[in-house]
Amino acid sequence: MSVPSLSHSMPSRSIQRPVLALPATSPVAARRVSSHTLLEGERELVIQHQGSEYHLRLTRNDKLILTK
């Protein structure tokens, strides 16, 4: 008795996906301001933003902390 072969060759399908092109943009350098220029010798600066006040403080360890 002969056993039918189960090995059928399936046609290979290549799936082509569209290539998404991103717009070419040049990186914009962020404006840099020295903390010494902002604080002008003080230890705290109040920044007003959209009706709220934020406090930029210089700590004893010369770290900056921004709080609302």
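The values are calculated or read from the model by the stated rules, or taken from the named source; none is laboratory data. All of these numbers come straight from a predicted model, not from anything done at the bench. Just so you know, the surface numbers come from the protein's heavy atoms only, side chains and all, with ligands and any DNA or RNA stripped out. Shrake-Rupley method; radii C 1.70, N 1.55, O 1.52, S 1.80 Å.
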- Which length gain, in nm to one decimal place, applies between residue 52 and residue 68 when the Cα-Cα distance is subtracted from 0.36 nm times their residue separation? 5.0 nm
- Message: Could you sort 22, 45 by their accessible area in this structure, using a 1.4 Å probe and putting the largest first?
- Response: 22, 45
